[in-house]
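Visitor: Here it is: the structure, laid out below.
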Amino acid sequence: MTNKNNRRRNFLFWWRLANEMNKHGSKRHQKIASRICDKLKARYAADIELGAVIGPGLHIPHHAGIVISCRARIGSNFAIRQNSTIGGVRGMRSDQVITIGDNVDIGASCCLIGPITVGDNVTIGAMSFVNKDIPSDGVYITRKTSTFTANSIN
């Protein structure tokens, strides 16, 4: 097994352990879980908040810059790449969540801001901004419009 695979497994093991301790443990266990999470943030540069629900098969090829809110409810076989954020908006009610289905693949440098629902079997292209629901079985990209033209160079 390569060092890269060990690194991925170590992150997932310790995050899932801390998440369970935070959810089901005593106040002491919750404090320990918080410390584990802080160490994971410092070591891997990934901030997956305690309280997020993520199904089996989480795949993070590059941990750097990953941010996932505690309000995320993510299905199985989820892949997320570097510098991507899954978060809520200010003023989100406590009963509102960001729901992501099974077999979802998120490209690098994406931003999903909720409350939103992303269906099953969805691929979100790199550098996409998502603030509306996405139906199942599709590909989503944000089309970039540029105001730059060759004539505007001085």
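Any read-out appearing in this document is the output of simple, stated calculations on the displayed coordinates, not a laboratory observation. Bear in mind that the values here come from a model prediction, so they are computed numbers and not experimental data. All Cβ positions, glycine included, derive from the backbone under ideal geometry; neighbour counts span all protein chains shown.
Visitor: What percent does the relative contact order of the chain come to when contacts are Cα pairs within less than 8 Å and at least six residues apart?
Guide: 13 percent
Visitor: Something else: 5 Å is the cut-off here: which amide hydrogens, built 1.01 Å from N in the peptide plane, fall below it relative to Ala108, excluding neighbours closer than 5 in sequence?
Guide: Here the answer is Ala126, Met127, since their amide H atoms fall under 5 Å of that of Ala108.
Visitor: Take every Cα-Cα pair in the chain and report what % of them are more than 22 Å apart.
Guide: Result: 44 percent of Cα pairs exceed 22 Å.
Visitor: So for the pair Lys27, Asp47, with labels modelled 7 Å out along Cα→Cβ, what separation do we get in nm?
Guide: 2.7 nm
Visitor: Give me Val118, Val139, Val97 sorted ascending by neighbouring Cβ count inside 10 Å, so fewest comes first.
Guide: In increasing order of surrounding Cβ atoms, one gets Val139, Val97, Val118.
Visitor: Moving on to the next point. How tilted is helix 27-44 with respect to the longest principal axis of the chain? Cα atoms for both, answer in degrees (0 to 90, nearest 10).
Guide: Helix 27-44 sits at roughly 40 degrees to that axis.
Visitor: Provide, for the stretch 3-141, the number of lysine pairs with alpha carbons under 20 Å apart, each pair being eight or more places apart or on different chains.
Guide: Going through the stretch 3-141 pair by pair, I get 8.
Visitor: Follow-up. Please determine, in degrees from 0 to 90 and to the nearest 10, the orientation of helix 3-24 with respect to the longest principal axis defined by the Cα atoms of the chain, where the helix direction is its Cα long axis.
Guide: 70 degrees
Visitor: Once you place label points 7 Å from the Cα toward the Cβ at Arg9 and Thr142, how far apart are they in nm?
Guide: Spacing of the two 7 Å Cα→Cβ label points: 3.6 nm.
Visitor: Please list, ordered by chain and number, the residues whose modelled amide H lies under 5 Å from the amide H of Ile141; skip anything fewer than 5 residues away on the same chain.
Guide: Gly125
Visitor: With 10 angstrom as the radius, rank Ile100, Ile80, Ile54 by how many other C-beta atoms surround their C-beta, starting from the fewest.
Guide: Ile54, Ile100, Ile80
Visitor: Considering amide H positions built from the backbone, and no H for Pro or chain starts, which residues 5 or more places from Gly114, or on another chain, come under 5 Å of its amide H?
Guide: Excluding prolines and chain starts, which carry no amide H, the hits are Gly87, Gly88, Val89.
Visitor: Sticking with this structure for a sec: What list of ³J(HN,Hα) values in whole Hz, one per residue of the stretch 132-144 in order, does the Karplus curve 6.51 cos²θ - 1.76 cosθ + 1.60 (θ = phi - 60°) give from phi, with Gly and Pro shown as x?
Guide: 9, 4, 10, x, 5, 6, x, 10, 10, 9, 9, 6, 8
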